[in-house]
Structure formats: structure tokens, C-alpha cells
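A quick write-up on the structure given underneath.
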Amino acid sequence: MNEKKVLISKGINIENLLGEKNIKGRPDFIENIRNGIIYFLGLLHQTDRNCYLFDDNGYRNLSSQYLTNIIGKGSANKRRLNIIKDILISNNIIEVKNYLQNVKSYGYRISSNLLSGDSVEYELGKLIIDNLRKFKENQEKESLLSEIKGVDYNILMEQFELNEISFDSRVYDYLRDFTQKGIERIEKKQKNEKETFLNLFNYVGKLLNHIQQIEEKNFTHNIALSNGRFFSSISTLPKILRPFLKINGKNVSENDIMSSQSFILSSILNKKFTHNDGKGYNLDTIFEDMVRIFRNLDIINLSKNGGRKNLITGVYFNDLEIKEIEEFHNIDFTKDFYEFLLIEGEKKHPDLMKKFPKENGRDFVKKRIMSTLFDKNGIYREENILTELIKNLYPAVNTYIERFIQMYTSTDFALLLQRAEAFLILKTCEKLKEENVPFFTIHDSIITTEEFKDRLGFIMRNEIYRLSGKKVGVKSKTLIPLTKVEKMIIDEKFRKINVTSVKSLEKSKTYLDNQFVKSGLDFYYKTKKEKKVMMDYIGLPK
């Protein structure tokens, strides 16, 4: 997509929104509102390239300050952004996620009834384009204040030029089998068949688009300045396609940090990380802005109460709490952390463990760990049985999480852990480059060719230990291409594709693109007649 153009759902009539019912004023005033509406709605149009910016319910968080910078302020009594939001909300064009404490921006999404699956291209206004250019220039200047120090993202981008990326041809047999089994599942349903068929072919079309973009070398690269993560055509590649990826014509292997967010948390809960400066794995290197926030708020830091004098990454502890923090810091993460929690719980709190499922306890813990770490809602945290277990096993760690979120935000907590993770992965990649190991990052994991799997694992363990002072567990596996889809994969994907309620129907519309649906149909059906029958049944425009 041209940077001077945006896509907007075909179901939205921009010109109708500018009628006298909604807005009156001079032509230049109305034109500025029109351009602002187009830009705003363009930000909310979800594609495969920007899907990581939206949450599971299709909301995208946008700060009012950013929007004002791009759209323009307007006059003192007619703030442009407020007018635009009023028009879009009163005409049921957008839905707004209620403001939550400790969240820095509102969430917005297009109303589901307007998501037709088709889109229209709009030109951005000159003022918007100029403001975007200025904002980008200022961002590049200001990013020096908050970037992760001592890392080089260019080595990640270079890999796309140094290595040949392709797909095993068996991926197409696999997708046909997936589509066939999806159709068989849908035909057994009683409700919402048409909508689920749409979702199935939309999903298959998106997978085909991922393959096409990589095969044609239309690679994407993006560095998220907030959390330091590197997004690329590989990191956004759906997991179902990874086994078919080829690097230099060879099968790939994936090495990832075990229990990564819990490991990162344990690695930053020490005085060395907090107080060291200069090069290395410390707060000043990884999140300089957070250092300033800690200093500025220190005078009103509530965790100082009760004679707490030991500062650990923004929160004060007494000597007893420090011992509990050290106990968590010293956990052996080379072993399975989730199983470790269950074993410790059975030893120390058997009554509490009766609330945990007797089977698949590890998966139960794994699914809830992110909520325990990052949930903003205190009620939800209290209702999470894993949070209760952490509170009993490591009360000071639970206190740290709650105090950090209370004094700063859950967003800042997530950014801190993600930036620390990014630092460790990037520094590991520097070593891989020195040894001519091909690599591509997927946040807390790195993929390479099968022949370098063991070397990659060795380097990851050594570098992360050298940098953080903690031994890390690295899980390594070779990804094997298949031609038949396992039942477990169908079960997992069908839960997401299947339309079972009004809520799931509205959610599916957020991701629907008729071009992907048509691509999925073209791929699966061998004759025009078969394809037409399905198109007519699901009501897809020809």
C-alpha cells in the first residue's frame, strides 16, 4: 500500500458523514475533517501487514496525542479530533473500548455491521501527509532517548538479503487437506454454515497470501520503538506454515527461550540490573525512559512505606522481601518452570492445588501465566488461581507485579520485559552473525537451518547466560513438513474459524477480506461450476 493512500471498508460512505446533519462550516474546515476521518478510519482497517497492532477483539489502541499530531488540532473551541470522533461514534461507524485505569490510550474498532470484506482506496490529504513526514522525522530524533542501547537491527534485516527464503511445495497439498477437513467439519454443523465457510476460505486465502509475499520477496520489516521488537514477514508468518519454510533450500529448526516472560522477570529482579549503567544487561541500557520515570516518581513511591529501602526495578522491598525475590531469581529455568510451580505447590500448599485440574496441569499454568503477569484488572487477578499460587509461593514477586502496575502501568511492565527480551535476542544474533549462522527472529525464538540447530541452541544458552547472569532453558525442534493435517491442528484452528454466536460472528467480520475469500475458493475448487455453487451459497459478490 502506497504511504499516501489508505484502505477503508466499502461499507462506510465518507461523503454521507460530511452532510449538514453532522457538520457545518467553511469548505476548508470540512475538507480538514474529511481528511482526518479518512486517516482515522485507515488506521482501523486491519490487514495481514498490520494485524499485530490489534487485540483479539479487533480493537486498536491509539493515543489522542498522536492522532492530534497527525490530524491537526483545529481551533480552541472546535478540536478536530473531538469532532471526528463525535461524527464516527454518533453514526455508529466506530466502537470505543472504555477507558481502563493504567492504560495509556483508547481502543477503537470499526463497527462489525460495516465490515463487508471489501475495501476502497482513499488518498490522504496533503496536511496529513506533511504531518506524517514531520512526525516520522521527530520520532527518529527523539527515539535516540528511548531506544535500546548497543543493539543493531540491521543484522536482522541483512538476513533477508543474505539468505534465500522459500516454501516446500508440499505446503499446497497440506492446505488442500486442511480446507477439505474444514469443509467436512462445517457440513456437520447445524448453525452459521455460511459464515463459517466464509471464515474458512478467508483464512486459507490469507495463508496463501503469506506464501506469495515471501516467494515474491515482498518482505516487510518494522521495529516497534516502544518494546524493541522486530516484526517481519517471518515473525508474522502463521505458525501453521512454519514447518514448510525453507532457508537456502533446507528445512528449518526453531530454538526458543523456555517460559520466556517468567525467565525475563526473574532476570531483572536484582540490584545489579537496577543500578548498573553503561553497557550490558541493565535498566539504563534497555529502558532509559523508565529510569527517568523511576527517579521522577521516587518522592511519591508508595512502596517505600514500612521502612522498605531496597530498590529493585522501580519498587522498594524490605530485607525479608528481598530474600523472597532472590529465591525467585534463583529458580532453575533450564528445567520446566510450569512443572516446577506445580511441584512446589503440591509440596507447600496441597489444599490450594486441589483447585487445579488433575490432568494437563502444565498447560493450565502456561495458559494463565500471562494473565498473572500483566492483567490490569485487580478482580481478574484475584480470580486467577495461578496468581493465588504465585502469591503463596513468592509473595514478594506478586507484590512487585501489583505495585509496579499500580504505580506505573501494566503497559510499562510489559514493555520492560519485552525490551529486555529483545536485547538478549539481538545480542545473541550478533554472535550468530560472527559465526555465519543463518537466523531469523520470532520475538523470543530464533529459527535457522536444521544443520545449525545445535549450534544455535549452544550460542543462545551461552550468550543469554553471559549477559543476564542466569542460565536459560532453550527448547529446540526441527520443523517437519507434512502433507496431511493432524486432528489436533484442525481442532485448534476450527475453534477460531467456527461461528457459534453473535460475538464470534462480529469478531470474524473484523478479519474478513473478500479478496482472500476468493483466493481460497480459487485455490480449492478445480472447476468454475464448483466455485460458483459455493460463492452463491455464501453470498460472495462475483
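The values are calculated or read from the model by the stated rules, or taken from the named source; none is laboratory data. Bear in mind the structure is a predicted one, so any value in this text is a computation, not a measurement. When we count neighbours, we look across all protein chains shown, and the Cβ atoms used for this are built from the backbone with ideal geometry, even at glycine.
Taking the range 390-427 as the range and being under 21 Å from ASN227 (Cβ atoms) and in contact with a strand residue (DSSP E or B) (Cβ under 7 Å, 6 or more places away or on another chain) as the test, the residues that pass are TYR400, PHE404, ILE425.
Table: residues versus (1) out of contact with any strand residue (DSSP E or B) (no Cβ under 7 Å at 6 or more places or on another chain); (2) under 18 Å from VAL96 (Cβ atoms); (3) part of a helix (DSSP H, G or I).
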| residue | (1), (2), (3) |
| --- | --- |
| ILE33 | yes, no, yes |
| GLY42 | no, yes, yes |
| GLN46 | no, yes, no |
| GLY58 | no, yes, no |
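Only helices (runs of 4 or more DSSP H) wholly contained in the range 317-399 count here; list those with 1 or more residues that are more than 30 Å from GLY307 (Cβ to Cβ). If you could, list the steps in order and put the result at the bottom.
Numbers: elements: 319-329, 337-348, 350-353, 361-374, 378-383, 385-393.
Once the helices (runs of 4 or more DSSP H) in the range 317-399 are filtered for at least 1 residues that are more than 30 Å from GLY307 (Cβ to Cβ), what remains is 337-348, 350-353, 361-374, 378-383, 385-393.
When VAL499 is tested against the conditions (1) among the β-branched types (Val, Ile, Thr); (2) in a helix (DSSP H, G or I); (3) closer than 14 Å to GLY182 by Cβ, the lone failure is (2). Taken together, ILE293, ILE343 contain a single residue that is modelled with pLDDT of 95 or more and either aliphatic (A, V, I, L, M) or not assigned by TED's automatic domain parsing to the domain that holds PHE404 (or both), which is ILE343. Confirm whether LYS239 is over 15 Å from LYS518 (Cα atoms), basic (Lys, Arg) and within 15 Å of the chain's Cα centre (by Cα). Yes; evaluated as a whole, the condition is true for this residue. Checking each residue in the range 509-522 for being part of a helix (DSSP H, G or I) and buried (at least 18 other Cβ atoms within 10 Å of the Cβ) picks out LYS509, THR510, TYR511, ASN514, PHE516, VAL517, LYS518, SER519, GLY520, LEU521.
For the range 523-539, residues that are of a type in the set (Ser, Thr, Tyr) and not in a loop (DSSP other than H, G, I, E, B) total 2.
Quick check on ARG60: is it surrounded by fewer than 17 Cβ atoms within 10 Å (Cβ to Cβ), within 28 Å of PHE516 (Cα to Cα) and either at pLDDT 90 or above or charged (D, E, K, R) (or both)?
Numbers: surrounded by fewer than 17 Cβ atoms within 10 Å (Cβ to Cβ): no; within 28 Å of PHE516 (Cα to Cα): yes; either at pLDDT 90 or above or charged (D, E, K, R) (or both): yes.
No, not satisfied.
Restricting attention to the range 463-478 and to residues that are of a type in the set (A, V, I, L, M, F, W, C) and touching a Leu at 6+ places or on another chain (Cβ under 7 Å), the residue that is surrounded by the most Cβ atoms within 10 Å (Cβ to Cβ) turns out to be ILE464. Residues that are in a helix (DSSP H, G or I), in contact with a Ser or Thr (Cβ under 9 Å, 6 or more places away or on another chain), surrounded by fewer than 19 Cβ atoms within 10 Å (Cβ to Cβ) and charged (D, E, K, R) within the range 177-227 comprise ASP177, ARG185, GLU215, listed in sequence order.
Scanning the range 331-363 for residues that are closer than 14 Å to LEU393 by Cα and touching a residue at least 60 places away in the same chain (Cβ under 8 Å), we see that the one that is farthest from the chain's Cα centre (by Cα) is ILE331. Restricting attention to the range 395-406, the residues that are buried (at least 21 other Cβ atoms within 10 Å of the Cβ) and aromatic (Phe, Trp, Tyr) add up to 1. Inspect all residues belonging to the range 496-508 and state whether any of them is among the hydrophobic types (A, V, I, L, M, F, W, C), within 30 Å of ILE331 (Cβ to Cβ) and surrounded by fewer than 16 Cβ atoms within 10 Å (Cβ to Cβ). Scanning the range 496-508 turns up no residue that is among the hydrophobic types (A, V, I, L, M, F, W, C), within 30 Å of ILE331 (Cβ to Cβ) and surrounded by fewer than 16 Cβ atoms within 10 Å (Cβ to Cβ). Restrict the check to the range 413-430 and report whether at least one residue is more than 23 Å from the chain's Cα centre (by Cα), at pLDDT 90 or above and either surrounded by 21 or more Cβ atoms within 10 Å (Cβ to Cβ) or part of a loop (DSSP other than H, G, I, E, B) (or both). For the range 413-430, residues more than 23 Å from the chain's Cα centre (by Cα), at pLDDT 90 or above and either surrounded by 21 or more Cβ atoms within 10 Å (Cβ to Cβ) or part of a loop (DSSP other than H, G, I, E, B) (or both): absent.
Screening MET290 against (1) in contact (Cβ under 8 Å) with a residue 24 or more places away in the chain; (2) part of a loop (DSSP other than H, G, I, E, B) leaves a single unmet condition, (2). One residue alone among ARG79, ARG26 is free of Cβ contacts under 8 Å to residues at least 40 places away in the same chain and surrounded by 14 or more Cβ atoms within 10 Å (Cβ to Cβ), and that residue is ARG79. Evaluate the following for THR449: is it more than 22 Å from ILE223 (Cβ to Cβ), surrounded by fewer than 17 Cβ atoms within 10 Å (Cβ to Cβ), touching a residue at least 40 places away in the same chain (Cβ under 8 Å) and not assigned by TED's automatic domain parsing to the domain that holds ARG176? So THR449 does not fit the description; no. (1) within 23 Å of LYS239 (Cα to Cα); (2) buried (at least 20 other Cβ atoms within 10 Å of the Cβ): which one isn't true of LEU389, the others all being true? Of the numbered conditions (1) within 23 Å of LYS239 (Cα to Cα); (2) buried (at least 20 other Cβ atoms within 10 Å of the Cβ), the odd one out for LEU389 is (1).
Among the residues making up the range 447-483, those that are assigned to a strand (DSSP E or B) and in contact with a helix residue (DSSP H, G or I) (Cβ under 6 Å, 6 or more places away or on another chain) are THR448, VAL472, VAL474, SER476, THR478. Of the numbered criteria (1) loosely packed, with under 15 Cβ neighbours inside 10 Å; (2) among the polar types (S, T, N, Q); (3) at pLDDT 95 or above, the one SER253 fails is (1).
Scoring PHE29 on the criteria (1) in a helix (DSSP H, G or I); (2) at pLDDT below 90; (3) closer than 19 Å to GLY107 by Cα leaves a single failure, condition (3). Residues in the range 37-52 that are in contact with a Phe, Trp or Tyr (Cβ under 7 Å, 6 or more places away or on another chain) and within 19 Å of ASN218 (Cβ to Cβ): GLN46, TYR52.
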